[in-house]
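Structure first, then comments.
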Amino acid sequence: MSRIFSGVQPTGDLHLGNYLGAIRNWVRLQDDYECLFCVVDMHAITVWQEPDNLLANTREVTAALLASGIDPKKNIVFNQSRVSGHAQLAWIFNCVARMGWLNRMTQFKEKAGKQKENASIGLFAYPCLMAADILLYQATHVPVGEDQKQHLELTRDIAHKFNSDFKKVIFPIVKPLIFGTGTRVMSLRDGTKKMSKSDPSDLSRINMADDASIITKKFRKAKSDTDVLPDSQDGFKGRPEAANLMNIYAALSDTDIEEVCQQYGAEQFSAFKKELADLAVAKLSPIQDEMRRLMADTEYVDSVLSQGADRAQALAEPVLEEVCATIGFLRSRA
Ligand code: AMP
Ligand code: TRP
């Protein structure tokens, strides 16, 4: 069976983009693949995290995964820092990847911005850790949102270079799984920018923890334009906000975007936004209720992560063993 690995960072609030672009797809894949879902706390610390927040967010993200329908018995759900192989293989990949490859990563440029000299080395090397996450388990498929495509290309380059440097095929060339209408959910305040945890405006995103009245308010205040809604996708040109809101509707209702255009074309934004808010509340509230229940049961959430880590460790060990032997590291005990 093919193996899936994917990760989410425990940084700040999870939002609708994380849910529609990633988590919801993970739920759908769990029946067809052997899956590892990882809360990547080591990626989180590439930028400063308050320790108490990191801990709380690790549990919250885990609760969100479980509440969304990920079955921790069928899949391996764990936090990254518990399995030391991630750090070990990441170091090896730091020595395989080239500066030039990492210099091309757009996410680093976006995150470091003008403060490049002041960014952590971890932020620069982030994609090598991501490659290690995936390849430590020889995963073959990686479901992500569109923003991670470039990192997966780098993962393929690293696997290829390692295999050819050492003349041994250890790592698979991974396939990205980017599907569904929610692969790129945009900000509610600017339809040209990705919905993101790091946007300073909370109005720009629907957080998984927002209640019905906040969700309704955020959609009501979402940026729009003065025209009525288009009746086909051709009408999205120059209208990123209309495209985004209709796309979110399509993703939440599991319909085709063209169908949403036919249904709501020529309507006013105000009426559509109300329908969209009601739909979002209906879809998210059962998940939110379950999330709240799980967050009150820290013991259970912690036990899921710890058992997941044991299972992940068992899969990682033979791969790391083979990698170390291949490189020429003396490892086994005398
Ligand atoms: P992160 O929050 O950066 O750890 O992202 C976790 C997952 O959510 C990744 O698979 C991302 O590709 C996905 N994701 C993040 N933001 C968005 C967005 N605005 N639209 C769609 N997917 C997203
Ligand atoms: N970099 C991913 C993000 O920010 C999270 C991530 C870390 C990941 N390791 C991964 C995703 C491995 C897929 C596979 O969204």
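The values are calculated or read from the model by the stated rules, or taken from the named source; none is laboratory data. These numbers come from a predicted model, not from an experiment. Positions of Cβ are generated from backbone atoms using ideal geometry, with glycine treated the same way; all protein chains shown enter the neighbour counts. Surface accessibility is based on the protein's heavy atoms, side chains included, excluding ligands, DNA and RNA. Shrake-Rupley method; radii C 1.70, N 1.55, O 1.52, S 1.80 Å.
Here's the picture: charge each Lys and Arg Cβ at +1 and each Asp and Glu Cβ at -1 in the chain, and of LEU54, HIS160, ILE70 the one pushed furthest to the positive end of that dipole is HIS160.
If you find the alpha carbon centre of the range 190-264 and of the range 128-163, how far apart are they in angstrom? Computed from Cα coordinates, the inter-centre distance equals 31 Å. Residue pairs exceeding 28 angstrom between C-alpha atoms, taken from LYS73/LYS274; LYS109/LYS175; LYS116/LYS197; LYS197/LYS217: LYS73/LYS274. A simple spin-label model places pseudo-atoms 7 Å from Cα toward Cβ; at ALA209 and ARG28 they are separated by 2.8 nm.
Between helix 269-295 and the chain there is an angle of about 40 degrees, using the helix long axis and the longest principal axis of the Cα atoms. Only Cα pairs under 8 Å and 6+ residues apart enter the sum, and on that basis the relative contact order of the chain stands at 23 percent. By the rule of a C-alpha distance below 14 Å, with chain neighbours fewer than 8 residues away ignored, the aspartates and glutamates paired with LYS283 are ASP210, ASP211, ASP254, GLU275. Applying 0.36 nm per residue to the separation of LYS73 and LYS197 and subtracting their alpha-carbon distance, the gain on full extension is 41.7 nm. Dipole check for the chain: with +1 at the C-beta of Lys and Arg, -1 at the C-beta of Asp and Glu, and the Cα centre as origin, the magnitude is about 980 Debye. In plain terms, the chain from PHE329 to ASP254 could stretch by 22.0 nm, reckoned as 0.36 nm per residue minus the Cα-Cα distance. For the range 116-174, the dipole from Cβ point charges (+1 on Lys and Arg, -1 on Asp and Glu) about the Cα centre works out to 260 debye, to the nearest 20. When +1 charges are put on Lys and Arg Cβ atoms and -1 charges on Asp and Glu Cβ atoms, the dipole computed for the range 202-293 relative to its Cα centre reaches about 520 debye. Converting phi to 3J(HN,Hα) with the Karplus coefficients 6.51, -1.76 and 1.60 and the offset θ = phi - 60°, the range 81-89 yields 5, 6, 10, 5, x, 4, 5, 5, 5 Hz in sequence order, with x at every glycine or proline. Does anything in the range 47-82 have its amide N under 19 Å from the 7 Å Cα→Cβ label point of PHE179, and if so which residues? Answer for the range 47-82: 69-71, 75.
Entry note, the range 202-293: relative contact order of 36 percent, from Cα contacts under 8 Å with a spacing of 6+ residues.
Can you figure out the FRET efficiency of GLN107 with ASP297, using R₀ = 25 Å and their beta-carbon distance, to the nearest 0.05? After rounding, the FRET efficiency stands at 0.15. For the range 92-132, with all protein chains in place and a probe radius of 1.4 Å, 55% of the accessible heavy-atom surface sits on carbon or sulfur.
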